[in-house]
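Notes follow the structure.
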Amino acid sequence: MARTKVKASEGTKPATAEGTESTETETTETDEGSAGDEDDDEVLTPMPVKVQPKAPKKPRRNLGGVYKTKNQIRFNGDYQAVGTVLTLTDEEARHYLKFGAVEAVEEDED
Amino acid sequence: MERMTITLAADSPVGKAGQKVTLELTPADVHDPAEIPSYLAGYRNWTYRSDEMSKVVLVDNDEDKFRSFSQDDAFEPVRVKGALTGPIPEVDPRSSLDTYKVVDRYIGSFVPAVTELQRGNNYQPRMAAARRCRNALMLDRELDVCGPAGLLTTAGNWNADQVHTLAAGENWNGGASADPIAALQHAIEASAQPIAEIWMNQKLAHLFISNSSVRDHMRQLLGDGNANNIAVGVANMAASGAPIDFMIPGLPPIKVLAAKYKNASGVLTYIMPDYVVLLTTPPGVPSDGEEIATSYTFRRRGPSGVGVEAREFIVEGRGPHGGTMVVVAMADIAKMTGSNCGGLINGVIQ
């Protein structure tokens with residue numbers, strides 16, 4: 001027997017906590033090839049799912065580059081004076097930027 | 001529980017014939033709940049210590065100037081050697097003036113006359129109001145000096161050379177290469193004047209004395225007993241109600257600030273953020289041009305002469321019976337007077 005699939009129209013209201021369901025449905029597609037389904041009259045009402053549009057995942061910005069120290073930072077086992085120009089890896093730059101200890105001196109090419 | 005009752009068969013001293021008499025009395029029959037007159041609980045913050053960090057200079061006027069000699073007068077070499085008959089090289093003392101302007105803080109609490117008449121046995125409304133006002137004022141002052149955006153805990157208020165950021169992994173909370181004593185020693189070396197005090201909040205103090213290198217240093221020089229006493233003292237600050245200072249050989253006194261406040265998110269947290277602050281704090285008010293502190297607070301003497309006013313006055317026109325307004329007030333401003341004296345270490349918690 002043919003199985004009827006329905007999907008909610010745009011005005012479908014979500015089921016409430018008390019179990020009331022929307023009846024505003026419309027037939028959209030008939031699948032003639034299905035067989036062996038005993039429950040011919042079954043109307044499948046999909047659960048209204050609130051789709052949250054996913055924000056596109058931003059690629060992690062590589063902060064590695066050349067920086068100048070704004071205060072004394074402990075780096076490579078020694079203190080670097082204010083104004084020292086250093087080349088920092090992404091991880092190092094992220095650490096010192098968190099504490100406002102360095103500032104970039106040239107644009108990050110990445 | 002069901003109460004037993006009897007019906008009097010004849011008139012008697014306890015009632016007339018036919019009257020029902022309940023045989024059992026419950027506590028509710030004999031006592032109406034009321035407030036315990038001898039019990040009054042409440043919270044107390046840990047000792048506020050901003051007046052130690054930024055020592056108070058009492059002043060008469062709201063706004064004035066204060067003079068400081070240049071650091072170059074002390075540190076800059078000049079050419080003093082010359083020929084016996086040559087011209088005399090000259091130097092002049094250099095100084096500059098800076099301005100302070102006090103900020104008024106005041107808060108009051110109104111106690112209606114009728115409320116005071118109906119007070120409890122040990123709840124003195126005016127005294128409670130004055131205490132509440134004083135706490136509000138002192139907490140605000142503490143936040144101004146050493147709070148999250150306080151004078152001494154904002155990196156931008158310091159000379160850049162006095163701010164030290166630890167490397168990744170050198171954090172005191174589990175950093176694999178943490179070396180708190182070396183970090184403190186470096187900050188001491190970078191200061192333009194001697195460090196008199198090292199300040200940290202209770203959390204950092206716990207991490208400091210728990211660090212294996214600090215612990216070994218303490219035990220080696222103080223012995224197990226004294227090292228233990230320091231650790232217990234820091235942990236028990238709340239119980240003692242007194243501020244905790246402790247000494248590690250080779251370092252200035254370490255002072256612990258444990259006072260807390262409720263932040264904008266409603267979370268109870270330490271007033272002092274996770275920085276270590278090193279301060280130059282010579283005793284008294286500088287008057288000979290040869291000593292300076294990291295910070296001074298200029299506080300108006302006011303009518304009381306001590307800088308803090310607590311007074312009350314009758315307000316007749318408020319409510320049907322009037323009442324008493326309790327007011328606590330002070331006016332001061334904390335200024336950074338030596339931004340290259342002392343230091344600030346961040347990156348302690350990562």
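Contact map, region B:162-177: residues that are facing chain A (nearest Cβ under 9 Å) paired with residues that are of a type in the set (D, E, K, R) and surrounded by fewer than 18 Cβ atoms within 10 Å (Cβ to Cβ), Cβ distance under 7 Å, separation 6+ or inter-chain. Pairs shown: B:170/B:179.
Restricting attention to region B:142-158, the residues being part of a helix (DSSP H, G or I) and within 14 Å of chain A (Cβ to nearest Cβ) number 3.
Close Cβ contacts (under 9 Å, 6 or more residues apart or on different chains) running from residues in region A:92-103 that are more than 9 Å from chain B (Cβ to nearest Cβ) to residues that are among the hydrophobic types (A, V, I, L, M, F, W, C) and surrounded by fewer than 17 Cβ atoms within 10 Å (Cβ to Cβ) comprise A:93/A:104; A:97/A:104; A:103/A:97.
Screening residue B:187 against (1) more than 26 Å from residue B:267 (Cβ to Cβ); (2) surrounded by fewer than 21 Cβ atoms within 10 Å (Cβ to Cβ) leaves a single unmet condition, (2). The listed residues are A:77, A:83, and the only one of them that is assigned by TED's automatic domain parsing to the domain that holds residue A:96 and over 18 Å from residue B:344 (Cα atoms) turns out to be A:77. I need the strands (runs of 3 or more DSSP E) fully contained in region B:260-350, keeping only those with at least 3 residues that are surrounded by fewer than 22 Cβ atoms within 10 Å (Cβ to Cβ) and more than 14 Å from chain A (Cβ to nearest Cβ). Because the criterion is at least 3 residues that are surrounded by fewer than 22 Cβ atoms within 10 Å (Cβ to Cβ) and more than 14 Å from chain A (Cβ to nearest Cβ), the strands (runs of 3 or more DSSP E) in region B:260-350 that meet it are B:260-262, B:268-270, B:308-315, B:323-336. Hey, can you tell me all the residues within region A:63-109 that are at pLDDT below 90 and surrounded by 11 or more Cβ atoms within 10 Å (Cβ to Cβ)? A:108 - this is the single residue of region A:63-109 that is at pLDDT below 90 and surrounded by 11 or more Cβ atoms within 10 Å (Cβ to Cβ).
Residues checked against (1) closer than 30 Å to residue B:327 by Cα; (2) not hydrophobic (A, V, I, L, M, F, W, C):
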position: B:85; (1), (2): no, yes
position: B:126; (1), (2): yes, yes
position: B:146; (1), (2): yes, no
position: B:162; (1), (2): no, yes
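When B:198, B:188, B:181 are checked against the criterion of being in contact with a Pro (Cβ under 9 Å, 6 or more places away or on another chain) and farther than 24 Å from residue B:45 by Cβ, a single residue qualifies: B:188.
Checking the condition in the same structural domain as residue B:244 (by TED's automatic domain parsing) and out of contact with any Cys (no Cβ under 6 Å at 6 or more places or on another chain), which residue from B:58, B:84 passes? Residue meeting the stated conditions: B:58.
Hey, could you check region B:61-106 for residues that are among the aromatic types (Phe, Trp, Tyr) and within 30 Å of residue B:134 (Cα to Cα) and say which is surrounded by the fewest Cβ atoms within 10 Å (Cβ to Cβ)? Ranking the qualifying residues of region B:61-106, first place goes to B:106. If you go through region A:54-91 and keep only what is at the interface with chain B (Cβ under 10 Å from one of its Cβ atoms) and not in a loop (DSSP other than H, G, I, E, B), you end up with A:69, A:72, A:73, A:74, A:75, A:78, A:79, A:80, A:91. Counting only residues that are in the same structural domain as residue B:161 (by TED's automatic domain parsing) and within 20 Å of the chain's Cα centre (by Cα), give me the helices (runs of 4 or more DSSP H) lying completely in region B:172-256 with at least 3 of them. Per the criteria, B:202-210, B:212-235, B:237-240.
Annotation: residue B:3 fulfils all but one of (1) basic (Lys, Arg); (2) surrounded by fewer than 10 Cβ atoms within 10 Å (Cβ to Cβ); (3) modelled with pLDDT under 90; the unmet one is (2). Taken across region B:204-222, residues that are surrounded by 21 or more Cβ atoms within 10 Å (Cβ to Cβ), in contact with a Ser or Thr (Cβ under 9 Å, 6 or more places away or on another chain), more than 14 Å from every other protein chain (Cβ to nearest Cβ) and of a type outside the set (S, T, N, Q) do not occur at all.
The values are calculated or read from the model by the stated rules, or taken from the named source; none is laboratory data. As the structure is a computational prediction, the values presented were derived from the model and not from experiment. Every residue, glycine as well, gets a Cβ built from its backbone with ideal geometry; the counts of neighbours run over all protein chains shown.
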